[in-house]
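The values are calculated or read from the model by the stated rules, or taken from the named source; none is laboratory data. Since the model is a prediction, treat every value here as computed from it, not as a measurement. Because the Cβ atoms are built from the backbone with ideal geometry, glycine has one as well, and the counts that use them run over all protein chains shown.
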Amino acid sequence: MYVDTKAHGTSSKALAAHRFRFGESRGFLGLLFMLPAATVLLLFLAYPLGLGVWLGMTDARVGRGGTYIGLENYEMLWTDSVFWLSVFNTLLYTVVASVFKFALGLWLALLLNHHLPFKAFLRAIVLLPWIVPTALSAIAFWWIYDPQFSVVSWALVRLGLIDKYINFLGDPAWARASVIMANIWRGIPFVAITLLAGLQTIPPSLYEAAVIDGATPWQRFRFVTFPMLTPIIAVVMTFSVLFTFTDFQLIYVLTRGGPLNATHLMATLSFQRAIPGGNLGEGAAIAVSMIPFLLAAILFSYFGLQRRRWQQGGGD
């Protein structure tokens, strides 16, 4: 039988060239490079999320597999006053802390953006609250808020502003304010350094043109700095809200949700019901109830990023 070796060789070369072009394509290489990250996300994010959703619809307990009960856990939470108190605490904690972190972080970023002596050293110092482990920060604040040895109460008494030491973590109102202050202290560096990086990308020519036009410092901030920072602010505040809303370590070390559940967040209540309380199904249901709030924060980031078109000369 006659075989056309020439044609066979030509087809083999064409197939090899096609494979080479496919391997060199940007789409294929992008997919190839994304596979490790996608695998990690599936294993450590998608699977726990799916498991949590399933456990929230079961009566699983520690040491015992559960059976499917539908939405009974969520119906029980609907009438649970402690759960709704934790929702209120979480929203209050997130909103107040995020607003102050943004305001103080933006002010600090604008300050560090100026030509200051020892600027590099100051930037490193600013990062310290963020890089210190959360548990260590919480222990430090626990001593600061101690009812007998609080340095804050001691200073206020010596200044004559109060006549007795404040029970920061024993009074519900003071406890809420205290944990919010601790979270603000930890979160300001992240906002400040990220916004500072955004400030470094704004062309100086824009400020020079604004000065020539007679713009005041406030007008330069209002019409140059703030619009150019909008996409970065959207991302920074989204991460800040996510970190604050899901905070666990700071609250658990400082108050464990007390006093009288006044500082229980949804994350800490979920842990308390699931692990010490042994009710995995109910704890998972509380954790799943956090998803709508987190999705709202992500959507805020998405729509905020649309303002990037303003920087590219498109419509806002």
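A few notes on this one:
- Exactly one residue out of Leu41, Leu51, Leu71, Leu31 is hydrophobic (A, V, I, L, M, F, W, C), at pLDDT 80 or above, surrounded by 11 or more Cβ atoms within 10 Å (Cβ to Cβ) and over 28 Å from Thr246 (Cα atoms): that is Leu31.
- All positions within region 223-263 that are in contact with a Phe, Trp or Tyr (Cβ under 8 Å, 6 or more places away or on another chain), closer than 24 Å to Leu196 by Cβ and free of Cβ contacts under 8 Å to residues at least 40 places away in the same chain: Val224
- Matching residues in region 39-83 - criterion: being within 25 Å of the chain's Cα centre (by Cα) and β-branched (Val, Ile, Thr): Thr39, Val40, Val53, Val82
- Number of positions in region 74-90 that are crowded, with 19+ Cβ neighbours inside 10 Å and not in a helix (DSSP H, G or I): 0
- Of all residues in region 145-183, those being over 24 Å from Ile193 (Cβ atoms), of a type in the set (A, V, I, L, M) and touching a helix residue (DSSP H, G or I) at 6+ places or on another chain (Cβ under 7 Å) number 5.
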